Amino acid sequence: MTASHSEQLEHLMAEYRKQFAEVHETQRRLQEISCTVAAPRQTVAVTVGHGGVVKDIKFPTGAYKRMTPTELAGAVLKAITDAQQQATREAAEVIAPSLPPGVDAQKLFSGEIDIQSLLLPEPQLQDATRDAMNIRD
């Protein structure tokens with residue numbers, strides 16, 4: 001291997017290590033997401049993590065005792081929904097720097113963007129490159 005190839009390989013390995021570390025850090029930050037939303041009058045407080053997973057539900061006061069089951073269910077569901085939306089916004093902020101320019105992280109997380117549309121097309125290799133890499137169709 002020539003010095004040029006060796007330098008190129010080292011550069012590629014350094015770039016890979018950098019990207020790997022960035023992905024690891026992004027994953028760590030996503031796992032740390034925790035959003036708590038309290039309903040009016042502190043009837044219920046809901047905590048969700050990344051992906052909207054409900055981690056905790058608390059009733060900080062006795063206000064829930066004065067609610068009908070339907071009112072309480074509505075308060076719990078609204079707090080869950082609000083906490084999930086907050087967690088989604090936080091996750092979008094974490095992932096946004098990793099996305100290609102022009103990709104809206106909020107739309108990506110909400111499912112408004114087709115993930116496959118973000119993939120690059122398969123590169124077309126020149127004949128000389130195909131020969132050097134021993135690629136046959």
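The values are calculated or read from the model by the stated rules, or taken from the named source; none is laboratory data. Small disclaimer: the values here were computed from a predicted structure and weren't measured. Don't worry about glycine lacking a Cβ; one is built from the backbone with ideal geometry, like all the others, and counts go over all protein chains shown. Ligands, DNA and RNA are excluded from the accessible area calculation, which covers all protein heavy atoms including side chains. Shrake-Rupley method; radii C 1.70, N 1.55, O 1.52, S 1.80 Å.
Along the axis of the charge dipole computed for segment 29-109 (Cβ charges of +1 for Lys and Arg, -1 for Asp and Glu, origin at the Cα centre), the listed residues THR88, CYS35, ALA45 are led at the positive end by ALA45. By definition, a body whose alpha carbon gyration tensor gives a ≥ b ≥ c is prolate when a/c is 1.5 or more and a/b is larger than b/c, and segment 16-57 fits this prolate description.
Comparing PRO97, PRO123, PRO60 in a Gaussian network model of the chain, where Cα atoms under 10 Å apart are tied by springs, the biggest mean-square fluctuation is seen for PRO123. Here the average projected area of the convex hull drawn through the C-alpha atoms of segment 1-91 stands at 7.0 nm². For segment 32-137, a Kirkwood radius taken over Cα pairs fed into Stokes-Einstein (4 °C, viscosity 1.567 mPa s) yields D = 76 µm²/s.
Helices in the chain, meaning DSSP H runs of at least 4 residues, each add -39500 (n - 2.57). Divided by all residues, the mean residue ellipticity at 222 nm is -16500 deg cm²/dmol. The label-point distance for LEU9 and ASP114, in a model that sets each label 7 Å from Cα toward Cβ, rounds to 4.0 nm. Label-to-label distance for THR26 and GLN86 is 2.5 nm, based on points extended 7 Å past Cα in the beta-carbon direction. Among the trypsin sites (Lys or Arg not before Pro) in segment 90-137, those placed in a DSSP loop whose Cβ has at most 11 other Cβ atoms within 10 Å are ARG136.
Taking the chain as a Gaussian network of alpha-carbon nodes connected by springs under 10 Å, the highest mean-square fluctuation of the residues ALA73, ALA87, ALA39 belongs to ALA73. Applying both filters, DSSP loop and at most 13 other Cβ atoms within 10 Å, to the GluC sites (Glu not before Pro) of segment 11-81 gives GLU32. Relative to the longest principal axis of the Cα atoms of the chain, the long axis of helix 69-95 makes an angle of roughly 20 degrees. Note on GLU93 and ILE57: with the Förster distance fixed at 25 Å, the Cβ-Cβ geometry gives a FRET efficiency of about 0.50. On the beta carbon distance between LYS78 and ASP104, with R0 = 25 Å, the FRET formula returns roughly 0.45. Ranking HIS50, HIS11 by solvent-accessible area of protein heavy atoms (1.4 Å probe, all protein chains present), from largest to smallest, gives HIS11, HIS50.
Computed from label points 7 Å out along Cα-Cβ, the spacing between MET67 and ALA132 is 6.7 nm.
Can you give the angle from 0 to 90° between the axis of helix 3-31 and the longest principal axis of the chain, with both taken from C-alpha atoms, to the nearest 10? Around 10 degrees separate the two axes.
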